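Beneath this line is the structure, given in structure tokens, with notes to follow.
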Amino acid sequence: MPLIQVTMIEGRSTDMKTALIHRLTEAAVEATGAPRESIRVILQEVPGAHWGVGGVPKSAPSGGQRLTERKLKAAIVGSGNIGTDLMIKILRHGEHVEMGAMVGIDAASDGLARAARLGVVSTHEGVDGLTRLPVFDDIDIVFDATSAAAHVKNDAILRTLKAGIRCVDLTPAAIGPYCIPVVNGADHLDARNVNMVTCGGQATIPMVAAVSRVAKVHYAEIVASISSKSAGPGTRANIDEFTETTSKAIEVVGGAAKGKAIIILNPAEPPLIMRDTVYTLSEIADEAAVAASIEETVAAVRRYVPGYRLKQQVQFDRVEALNVPGVGRVSGLKTSIFLEVEGAAHYLPAYAGNLDIMTSAALATAERIAARILATGATA
């Protein structure tokens with residue numbers, strides 16, 4: 001009879017402890033071959049004052065700030081691939097955010113079934129069902145991973161009942177301001193609704209912004225190539241919104257005077273990892289300074305998307321009187337950036353870096369919003 005004992009600081013939610021017990025049990029069954037019913041798990045919670053780190057109790061004040069274990073509850077609307085991957089990320093890595101509810105419209109979806117196994121409250125009755133759950137009163141943040149059209153309706157319903165609720169929009173609806181964590185993540189912490197642009201936008205706009213920090217960018221064009229297997233119904237239904245939203249965000253957030261976005265669904269087998277190409281046409285600038293800005297930004301993105309990387313060295317070309325539609329003839333420095341985004345494979349396969357960067361960016365954004373709320377005491 002395998003017995004697993006875990007000692008941890010008190011304060012974690014029942015949902016998190018249920019998920020931990022489930023995962024430890026599954027790991028023991030896989031590792032030892034013992035029958036599931038024979039596995040015993042004991043969780044022992046210790047007050048922070050009884051847990052010393054570096055000679056100081058965990059609950060002791062540090063730098064004038066009182067340490068807190070409190071987290072904000074979040075609901076995920078959309079139980080498909082993106083929503084399910086995001087749920088697992090929150091359960092594993094949530095610092096200021098914890099799962100409150102998983103919401104879908106298909107009772108048979110794997111996302112809702114997985115949520116139930118992990119002890120997460122769920123409903124298959126959409127946002128209306130969420131508002132009827134007892135936990136809704138405690139929800140401060142809602143991630144919407146449905147579609148652009150659905151998000152407009154969902155936001156209206158939620159705001160009717162809780163005007164101050166925070167929405168992190170993973171669709172191209174763009175009701176609220178665009179948010180790219182490493183570019184403008186600190187600018188919209190008080191916004192009621194923030195938009196995560198698109199997977200292509202999250203991968204490429206940091207690069208456009210990196211060039212913009214060094215030289216004025218007249219034109220930026222991005223090409224996002226993803227495996228067709230990683231493009232679900234929501235992505236396919238929002239192709240027009242994808243290109244429009246990404247193009248606009250290249251200008252608004254990336255700093256380009258004119259932006260263009262292209263998406264390619266690649267049917268190759270085996271599926272290819274997400275690849276992104278970024279072209280910028282800027283004023284003549286110090287190439288070493290541009291390359292350094294790009295490399296610094298790549299490192300910043302990797303802090304929340306470890307699989308984000310340059311595929312090869314940045315390339316530079318001097319161009320003369322190039323005709324750019326909507327801009328006219330421009331001379332300057334053409335910068336070519338080639339990226340690869342490998343997923344963390346929390347739930348989605350590693351080739352689905354396009355989905356992983358969206359869920360990672362959404363969680364990074366929500367963590368900053370939650371930290372702000374906890375520091376200021378503002379709630380929905």
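The values are calculated or read from the model by the stated rules, or taken from the named source; none is laboratory data. Just so you know, these numbers come straight off a predicted model, no measurement behind them. Note: ideal-geometry Cβ built from the backbone for every residue, glycine included; neighbour counts use all protein chains shown. The protein model used for the area step is the full one, side chains on, heavy atoms only, and it has no ligands, DNA or RNA in it. Shrake-Rupley method; radii C 1.70, N 1.55, O 1.52, S 1.80 Å.
A few remarks follow.
- Cα pair distances exceeding 39 angstrom across the chain, given as percent: 22 percent
- Out-of-range pairs (alpha-carbon distance over 30 Å; input LYS248/LYS334; LYS153/LYS334; LYS229/LYS260): LYS153/LYS334
- 3J(HN,Hα) couplings calculated from phi for segment 197-206 with the Karplus curve 6.51 cos²θ - 1.76 cosθ + 1.60 (θ = phi - 60°) are, in sequence order, 6, 8, 4, x, x, 4, 7, 10, 4, x Hz; Gly and Pro show x.
- Structure-based [θ]222 nm, the chain - -39500 (n - 2.57) summed over DSSP H runs of at least 4, per residue, nearest 500: -11500 deg cm²/dmol
- Summing Lys and Arg as +1 and Asp and Glu as -1 over all other residues whose Cβ lies under 15 Å from the Cβ of ALA344 gives a net charge of +1.
- Difference of contour (0.36 nm per residue) and Cα-Cα distance, ILE262 to ARG92: 57.9 nm
- Förster radius 30 Å - calculated FRET efficiency between ALA186 and ARG159 (Cβ-Cβ, nearest 0.05): 0.80
- All other residues whose Cβ lies under 11 angstrom from that of LEU265 are scored, Lys and Arg at +1 and Asp and Glu at -1, for a net of +2.
- Per-residue packing, averaged as other Cβ atoms within 10 Å, sorts the ranges 174-183, 343-352, 284-293 into the order 174-183, 343-352, 284-293, beginning with the highest.
- Applied to segment 17-23, the Karplus parametrisation 6.51 cos²θ - 1.76 cosθ + 1.60 on θ = phi - 60° returns per-residue 3J(HN,Hα) values of 5, 4, 5, 5, 4, 4, 5 Hz, with x for Gly and Pro.
- Take the chain with all the other protein chains still there, run a 1.4 Å probe, and you get 45 Å² of accessible area per residue.
- Remark: the chain carries a charge dipole of roughly 440 debye about the Cα centre, counting +1 on each Lys and Arg Cβ and -1 on each Asp and Glu Cβ.
- Secondary structure note: in the chain, about 45% of the DSSP beta bridges are antiparallel.
- Within the accessible area of the chain (1.4 Å probe), percent carbon and sulfur: 52 percent
- The H on the amide N of GLY307, modeled in the peptide plane, is under 5 Å from the matching H of GLU342, each at least 5 residues off or on a different chain.
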